[in-house]
Amino acid sequence: NLGVAVLSADPDQQESIRSLAGSGSGTILTAESEETVGINPKIGTQAVGGSSTWGLQETKAIASSYTGKGIKVAILDTGFDFSHPDFANRFADQAKQSRSFIDGEAVQDEHGHGTHCTGTACGSRDSNDSGINYGVACEAEIYIGKVLDNHGDGSDRSILAGINWAIEQGCQVISMSLGGFVARNVPYSAIYEQVAQEALKKGILIIAAAGNDSHRDREPQIINAVNRPANSPSIMAVGAIDRDFEMGWFSNGGMNASDVDQSGAVDIAAPGVNIYSSWIVSQGKYTAISGTSMATPHVAGIAALYAEATGKRGRDLWNLLSANNQIKSLQLPTRDVGCGLIQAP
């Protein structure tokens, strides 16, 4: 579905492949070495402040009449804890709605990150064990792709396989709270860009975390570039804000942003500091953590609400999410928050 091949090759074979890619023959468009990706969540606090999370309040998701019903959302992460009581009726066909792309590991989440992100994007917005509303698209059909292992690590191979599977399942929104570090002036991956463009043509929006490599709490501040694959122009990159509408101290910025094709830019912002959501049952069922990983599923869930409300898909859905009349303006650099704070329909 993606037009991508992942190969194991010795050095001579690698050189031959790169030569073909650079020959202009059209046989191979581009070739890249595989890279690793992972997660780097920050510890949060459990303060909620009401019957729903501050993220649902500030994005207006809690007030929305839309629930994501009829929309398929794929969460590509560390898997999911299928024993969580708040999701008892959300997996009518677990075998179809979940798959592991990590050798030797079941899709069951042993880390917690995937369960947390799933909760924010598609978790409960009413009755649940915690008594706190924390999910955006509470009636969306959830698809779980385990592309990160139980330590939170993965590779291009697992992520590309997960994207391919999500497309096969007909998911309209793909949420990826993961990424790999990108140094200054390093270009985006041509392969991920090709994949994202193909997805948009098929009516699928890929949303990914900008990354947590910055130290805005230091003097002078250290702001690092948007992670791979979120730095691809056709993947929606999400930055994180706190409840005072300031940047999360860890949130990466558009340090490599290009005005020509929008590569390396942060596209939109969402709540990502002290976000309360579902967690592994054996570890308490709920917790609060911080990161652009937590901001990303807010955007994915709200994308599902707009997809339900308007029928828009792919690039049209992206344009709708970032339209001026749908966004809360922030007194922060565009480099850090893109078009502003996402708002639910």
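The values are calculated or read from the model by the stated rules, or taken from the named source; none is laboratory data. If you're wondering where the values come from, they're calculated on a predicted model, not measured in any experiment. Please note: Cβ atoms are built from the backbone with ideal geometry, for glycine as well, and neighbour counts cover all protein chains shown. Just so you know, the surface numbers come from the protein's heavy atoms only, side chains and all, with ligands and any DNA or RNA stripped out. Shrake-Rupley method; radii C 1.70, N 1.55, O 1.52, S 1.80 Å.
For the reader, a short list of remarks on this structure follows.
- Contact order normalised by residue count of region 188-319, Cα under 8 Å, 6+ apart, percent: 26 percent
- Residue among Val107, Ile28, Pro271 farthest towards the positive dipole end of the chain, charges placed on Cβ: Pro271
- The share of Cα pairs per 5 Å bin across region 9-133, counted from zero up to the longest distance, runs 2, 8, 13, 16, 14, 11, 9, 8, 6, 6, 5, 2, 0 percent.
- Counting DSSP beta bridges with both ends in the chain, the antiparallel % (nearest 5): 35 percent
- Calculated log₁₀ intensity ratio I(q)/I(0) where the Debye formula runs over C-alpha points of region 134-245, q = 0.16, 0.19, 0.21 Å⁻¹: -0.82, -1.09, -1.25
- Rounded to the nearest 20 debye, dipole of the chain from Cβ charges on Lys, Arg, Asp, Glu: 900 debye
- For region 150-301, a simple Cβ point-charge model (Lys and Arg +1, Asp and Glu -1, everything else neutral) yields a dipole of about 280 debye relative to the Cα centre.
- Against the chain, whose longest principal axis comes from its Cα atoms, helix 190-201 is set at around 60 degrees.
- Using the average count of surrounding beta-carbon atoms within 10 Å as a protection proxy, the listed peptides 61-72, 181-192 rank, highest first, as 61-72, 181-192.
- Listed residues Pro345, Ile204, Val37: farthest to the positive end of the dipole of the chain (Cβ charges): Pro345
- Pairwise Cα distances in region 1-81 exceed 17 Å for 73 percent of all pairs.
- Over all pairs of different C-alpha atoms, the chain has a mean inverse distance whose reciprocal, the Kirkwood radius, equals 19.7 Å.
- Annotation: lysines with alpha-carbon distance below 19 angstrom to Lys328 (same-chain offsets under eight excluded): Lys60.
- Axis angle, to the nearest 10 degrees, between helix 156-168 and the longest C-alpha principal axis of the chain: 70 degrees.
- Percent accessible area from carbon and sulfur atoms, the chain, protein chains only, probe 1.4 Å: 45 percent
- Entry for region 117-165 at q = 0.20 Å⁻¹: log10 I(q)/I(0) = -0.75, Debye formula applied to identical alpha-carbon scatterers, no solvent contribution.
- Rounded to 10°, Cα long-axis angle of helix 292-310 versus longest principal axis of the chain: 80 degrees
- Local electrostatic count, Ser234, Cβ distance below 11 Å [Lys/Arg +1, Asp/Glu -1]: -2
- Cα centroid separation - region 140-164 against region 330-345, whole Å: 27 Å
- Panel values: region 228-295, Kirkwood radius from alpha carbon pairs, Stokes-Einstein at 37 °C and 0.692 mPa s, translational diffusion coefficient 253 µm²/s.
- Ratio Rg/Rh, restricted to region 292-345 and using Cα atoms, in which Rh is the Kirkwood radius: 0.96
- Accessible surface for the chain, divided over its residues, is 40 Å² per residue with a 1.4 Å probe.
- Two-site FRET efficiency, Ser51 against Asp153, from Cβ-Cβ distance with R₀ of 35 Å, rounded to 0.05: 0.45
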